[in-house]
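Here the structure is laid out as structure tokens; the discussion comes afterwards.
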Amino acid sequence: MAPTTPLSPPRSFQEIILRLQTYWAAKGCAVLQPYDMEVGAGTFHPGTTLRSLGSTPWAAAYVQPSRRPTDGRYGENPNRLQHYYQYQVIIKPSPPDLQALYLGSLEAIGMDMALHDVRFVEDDWESPTLGAWGLGWEVWCDGMEVSQFTYFQQVGGHDCRPVSGELTYGLERLAMYILGVDHVMDMPFNDPDAPIPLSYGDVFRQTEAEYSRWNFDVADTDTLLRHFEEAEAECGRILAKDADDPKTGKRIIMAHPAYDQCIKASHIFNLLDARGVISVTERQAYIGRVRALAKACADAFVQTPAGGVSATQVEDAA
Amino acid sequence: MPDLLIELFSEEIPARMQQKAAEDLKRLMTDGLVDAGLTYAGAAAFCTPRRLALTVQGLTAESPALREERRGPKVGAPDKAVAGFARGAGVPVDALEERDDKKGRFYYATVETPGRSADAITAELLEKVIRSFPWPKSMRWGVGTLRWVRPLHSILCILSDEEGARVVPLEVDGIAAGKTTRGHRFMAPDAFDVTGFDDYEARLKRAHVVLSAEERADAIWQEATSQAFAQGLEVVEDRGLLREVAGLVEWPVVLMGSIDDAFLGLPPEVLQTSMKEHQKFFSVRNPKTARIEKFVTVSNIETADHGATILAGNQKVLAARLSDAKFFWENDLRVAQDDGLTAWTDKLSNVTFHNQLGSQKDRIDRIAALARDIAGAVGADAGLAEQAARVAKADLSSEMVYEFPELQGLMGRYYAEAAGLPAEVAAACEEHYAPLGPSDDVPSAPVSVAVALADKLDTLTGFWAIDEKPTGSKDPFALRRAALGVIRLILTNGLRLSLDRFIDAQLVRQKKGLNGGADAADLQALDALVDAIADHGVFGAALRSVLDRIRGTDNEKVGDEGSLLRTVGDKVPDLSTDLLAFFHDRLKVHLRDEGIRHDVIDATLAMDGSDDIRLLVARAEALAAFLKTDDGENLVQGFKRANNILTQAEEKDGVEYSFGADPKFAEADEEKALFDALERAQAAIDPAMQAEDFGAAMAAMASLRAPVDAFFEAVQVNAESQVLRRNRLNLLSQIRSVCLKVADLTRLEG
């Protein structure tokens, strides 16, 4: 259970992250590291997308740097960034006390539930690029959306059985609220009393400006278009390979390498979108192409041991 | 007579689904109980964000036993058949009786169904209701297979009578029913037992849960208005928001907060929309200045600092939201002031209205042309009407409308004012969308009316031109609403205009737009056609004159089979007729709501000038009023009698009796009197019709009632003398033509 007395308030962005890590580790989650590719949201991490498929139980928590090129504002907007952090928790099957666990995490980062107004407001989640949807809420604290709370129903076109519970915290916004900061760049990144105190702006102001310029005006669209096609082709090529590896003689379905290409295609699409070269009608077509990749990867993953296929089933299949 | 109490306790139910869920629970359970043979005295259902509850009072303790006789196979039938019948009836074979009836000797079984307890019935029924509950969207969770709107945590189901409360034994997907519930999530999270509905409601209130949504809504409204009143302010009423907010809290705590001075310069509608859409805040207005100065938010918890932390947080979020709105507003104002609204209209050439009907800009061009045509008919200045149409949709390019689409039109008005456009133009920006619903206000300013009519007629002709008419319940482009809007604009403003002329011109413009790549000469000819329609008003004649003119110069080229002009000439009149019929259908619905019989409308629709809605309605109203009088009803009977005799004679003789009857052949006094009456009536009716005074025309017609009745009483129409007979038939013909001047009375029923 959550502590009965509120913890001392955190003093920095990183302290909030550390407390979430500690809290969810204590609740039994594997604390994963961020995925080493550019993604638009924590959901894209294979630890969520792929692991929410199949029947194998799973519990993980991680920070995921996320990129949304169209949201870039050269570091000048107090709330908008093209690169930001999400904190992601995914538990399969969703435990019956997931709401209580979530509220406990808010207390762990210094929110006194007796003073705040926390509400679960209907907000159904859908990811057209992942062929995924779920029902849940956005969680409001004193009128501000601080998290997304979703029970996955379908991912990559597959029904989720059992259902995973997913929590996504928008870390900058949440931290700004807890730390009482009005501009994200003013937020203390490390302890303000550290020998070298660093603000969020010290870390990211320059990169926001650099990436905003590149995303909007400089990224070479021909190259990006080519990379999109290549990623799409490579994904298909990987999945078309025979499951039996001639070198080792083992059955190795390469769901994850294929999914990396899907992630790549998705991010390139976002960059093309920011460059303004995708028309409204083309947009739907691109989303459909990424979704087709995500579905193919999901189809492959559920044929693997992590996707719930037992060793004996594999032998039978062989 | 036990009472039943049910509570289905879950994670947060979306506010918009709560009311219907409570109604569904009540309907499904009470219907099911009655179907199973129970009766009850009363029932009520409730919903909070976390629970659906139902109380049924005075339920019968068990269903009555039933005794039913069933006839089986004939005696002597194979043993197998007899055994099968006994098994089906649930009785042993030796309990079957043999009895004679008309067709022979048969086996009979007496099936006795014992009464069932309310407990057993409720348990079975509730499980079924839970498993098949009609949520608009439902989900699974964990490892379970049950579907509910969000995870279902517990089921409370008890029957209580003088002996106390007992749990109804029931289990759904691992959740066993009990007598326990919980209070407020944060203020009273512990579980407690309840013994019946009154106890349940009272204990919940002690545990900071108000069960009734109306009670929560009332409490919120009371508290909000009294806090506002204390500061000399008033809460802007919004019933939809009140219902929604009451569905977001179990324990409403009303907090009033301030809006930073920096934002008070925003239009009040912007403040209100932003606060409502994003934060679910009520707006609080200063009645003296009509400005929105504060907000009311409803939290779900009482806190030690009396909501100070909550209010501070909400204010902060609001400030961030309003900073965005202010940013949009200031940017938009700058654009409007520097570039006027035409720059925004031009940008709309990149926005698709419909893939066949072109961009928003194409649409605006067509509307502007039509608004100019219509202006004269509605008393508006043609130049202003066109100008207004050109900027009326400019705000679709503004940042504010991109963010808040529901502010379209209204923002247009603000921006038109900022751009220094004439007041009539600014008003038209806002008003040209109206009326949207059947009870919406109808604009009356002539420029607004011209643009509003042009907008709707362009939509209708456009979708008619590409054959996207409403079918059955499908009307994705809200064309019925557009047609009703046109009708209401015309009627409310008492406008006299010939719809055909404008429909035809716009249909030709639509066809021209659809054939943008056609021959330049053809397109030019279409422009000439539109002008000709505007001048002469009649499509067929206009087309002919244009065709003739063009044929004169280039006989080979235009008017060939398959040419654009020929296609337009062939198709557009049909489309135009069809669209007018659609208007007539809408008008019938509209007038039926006003209490005018459908046959009365049919009788007026058959007359000339049926594209003049105002004239049609005046005629229908006069006829309806006329038919309510004795004279009117009887005259119609007399008319019908005359018409029948005449029609039969005309069929028999193969001639039309339309020569003037001659009074000198009149024999009987009644016949002479009718001649006189007809002459007098004619003299009154013609000028009345000229003046479109249908009431006066019908009053004159009514004066014929007595002479017509007397005539039929005394005179034999089919006289032996052919001269007399012909003269009398011609007299009847005169009655018919007088009566038909006002409406086609043959279409009246009864």
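Quick look at the values:
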{"item": "Subset of the range A:277-291 (residues that are out of contact with any helix residue (DSSP H, G or I) (no Cβ under 8 Å at 6 or more places or on another chain) and either free of Cβ contacts under 8 Å to residues at least 24 places away in the same chain or surrounded by fewer than 19 Cβ atoms within 10 Å (Cβ to Cβ) (or both))", "result": "A:S279, A:V280, A:T281, A:E282, A:Q284, A:A285, A:G288"}
{"item": "Output for the range B:590-605, where each listed residue is over 22 Å from B:S439 (Cα atoms), small (G, A, S) and open to solvent by 20 Å² or more (accessible area, probe 1.4 Å)", "result": "none"}
{"item": "Hits in the range A:88-126 (condition: of a type outside the set (G, A, S), farther than 24 Å from A:Q14 by Cβ, facing chain B (nearest Cβ under 8 Å) and open to solvent by 20 Å² or more (accessible area, probe 1.4 Å))", "result": "A:P93, A:P95, A:P96, A:L115, A:R119, A:E122, A:D124"}
{"item": "Any hit, the range B:423-431, residues being within 19 Å of B:G358 (Cβ to Cβ) and hydrophobic (A, V, I, L, M, F, W, C)", "result": "no"}
{"item": "Cross-chain or 6+ apart pairs with Cβ under 8 Å, the range B:313-325 first and more than 8 Å from chain A (Cβ to nearest Cβ), then among the polar types (S, T, N, Q)", "result": "B:Q315/B:S258; B:R321/B:S274; B:R321/B:Q279; B:L322/B:S274; B:A325/B:S274"}
{"item": "Strands (runs of 3 or more DSSP E) fully within the range B:56-157 counting 3 or more residues that are of a type in the set (D, E) and more than 30 Å from B:P2 (Cβ to Cβ)", "result": "B:97-101"}
{"item": "Residue satisfying condition, being open to solvent by 10 Å² or more (accessible area, probe 1.4 Å) and either modelled with pLDDT of 95 or more or of a type in the set (G, A, S) (or both), within set B:A53, B:A43", "result": "B:A43"}
{"item": "Single residue of the range B:444-483 satisfying the filter (among the hydroxyl-bearing types (S, T, Y) and part of a helix (DSSP H, G or I)) that is nearest to the chain's Cα centre (by Cα)", "result": "B:T459"}
{"item": "Search result, residues across the range B:304-359 that are closer than 30 Å to B:T459 by Cα and touching a strand residue (DSSP E or B) at 6+ places or on another chain (Cβ under 9 Å)", "result": "B:L348, B:S349, B:N350, B:V351, B:T352, B:F353, B:G358, B:S359"}
{"item": "Total residues in the range B:296-312, condition within 8 Å of chain A (Cβ to nearest Cβ), in a helix (DSSP H, G or I) and free of Cβ contacts under 8 Å to residues at least 40 places away in the same chain", "result": "2"}
{"item": "Answer residue from the range B:606-655, given it is open to solvent by less than 40 Å² (accessible area, probe 1.4 Å) and assigned to a loop (DSSP other than H, G, I, E, B) and is farthest from B:L489 (Cα to Cα) among those", "result": "B:M607"}
{"item": "Filter pass, B:V284 being aliphatic (A, V, I, L, M) and more than 13 Å from chain A (Cβ to nearest Cβ)", "result": "yes"}
{"item": "Number of positions in the range B:217-257 that are part of a loop (DSSP other than H, G, I, E, B) and within 14 Å of chain A (Cβ to nearest Cβ)", "result": "6"}
{"item": "Identity of the residue in the range A:66-87, open to solvent by 10 Å² or more (accessible area, probe 1.4 Å) and in a strand (DSSP E or B), that ends up nearest to the other protein chains (Cβ to nearest Cβ)", "result": "A:Y84"}
{"item": "When residues of the range B:1-54 are limited to those that are of a type in the set (V, I, T) and touching a residue at least 12 places away in the same chain (Cβ under 8 Å), the one nearest to the other protein chains (Cβ to nearest Cβ)", "result": "B:I13"}
{"item": "Residues satisfying the stated conditions in the range A:127-155, i.e. without any contact (Cβ under 8 Å) to a residue 24 or more places away in the chain and either open to solvent by 10 Å² or more (accessible area, probe 1.4 Å) or more than 10 Å from every other protein chain (Cβ to nearest Cβ) (or both)", "result": "A:W133, A:E138, A:W140, A:Q154"}
{"item": "Candidate set: the range B:264-281, residues that are touching a residue at least 40 places away in the same chain (Cβ under 8 Å) and within 14 Å of chain A (Cβ to nearest Cβ); chosen: the one surrounded by the fewest Cβ atoms within 10 Å (Cβ to Cβ)", "result": "B:E277"}
{"item": "Qualifying residue in the range A:43-55 (condition: under 23 Å from A:Y177 (Cβ atoms) and in contact with a strand residue (DSSP E or B) (Cβ under 8 Å, 6 or more places away or on another chain))", "result": "yes"}
{"item": "So B:E112, is it out of contact with any helix residue (DSSP H, G or I) (no Cβ under 9 Å at 6 or more places or on another chain) and touching a residue at least 40 places away in the same chain (Cβ under 8 Å)", "result": "yes"}
{"item": "Selected residue [of a type in the set (A, V, I, L, M, F, W, C), within 14 Å of chain B (Cβ to nearest Cβ) and farther than 30 Å from A:E126 by Cβ] from A:V203, A:V181", "result": "A:V181"}
{"item": "Options A:A265, A:A258, A:A243, A:A194; residue that is in contact with a Lys or Arg (Cβ under 6 Å, 6 or more places away or on another chain), open to solvent by less than 40 Å² (accessible area, probe 1.4 Å) and either more than 14 Å from chain B (Cβ to nearest Cβ) or in contact (Cβ under 8 Å) with a residue 12 or more places away in the chain (or both)", "result": "A:A243"}
{"item": "Residues that are in contact with a helix residue (DSSP H, G or I) (Cβ under 8 Å, 6 or more places away or on another chain), without any contact (Cβ under 8 Å) to a residue 60 or more places away in the chain and open to solvent by 60 Å² or more (accessible area, probe 1.4 Å), drawn from the range B:707-749", "result": "B:E713, B:V723, B:K741"}
{"item": "Selected residue (criterion: nearest to the other protein chains (Cβ to nearest Cβ)) from residues of the range B:125-171 that are surrounded by fewer than 15 Cβ atoms within 10 Å (Cβ to Cβ) and acidic (D, E)", "result": "B:E171"}
{"item": "Boolean, B:D500 is modelled with pLDDT of 70 or more and open to solvent by 60 Å² or more (accessible area, probe 1.4 Å)", "result": "no"}
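Residues checked against (1) hydrophobic (A, V, I, L, M, F, W, C); (2) part of a loop (DSSP other than H, G, I, E, B); (3) more than 14 Å from chain A (Cβ to nearest Cβ):
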site: B:D346; (1), (2), (3): no, no, yes
site: B:D373; (1), (2), (3): no, no, yes
site: B:G383; (1), (2), (3): no, no, yes
site: B:Q387; (1), (2), (3): no, no, yes
site: B:D395; (1), (2), (3): no, no, yes
site: B:M411; (1), (2), (3): yes, no, yes
site: B:Y414; (1), (2), (3): no, no, yes
site: B:L421; (1), (2), (3): yes, yes, yes
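Condition check ((1) open to solvent by 30 Å² or more (accessible area, probe 1.4 Å); (2) within 22 Å of A:V146 (Cα to Cα)) across all residues:
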residue: A:Q21; (1), (2): yes, yes
residue: A:V31; (1), (2): yes, yes
residue: A:D36; (1), (2): yes, no
residue: A:A41; (1), (2): no, yes
residue: A:T48; (1), (2): no, yes
residue: A:Q64; (1), (2): no, yes
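The values are calculated or read from the model by the stated rules, or taken from the named source; none is laboratory data. Not measured: the values here are computed from a predicted model. Here the Cβ is made from the backbone with ideal geometry for all residues, glycine too, and neighbour counts use every protein chain on show. Calculation scope for accessible area: heavy atoms of the full protein, side chains included, ligands and nucleic acids excluded. Shrake-Rupley method; radii C 1.70, N 1.55, O 1.52, S 1.80 Å.
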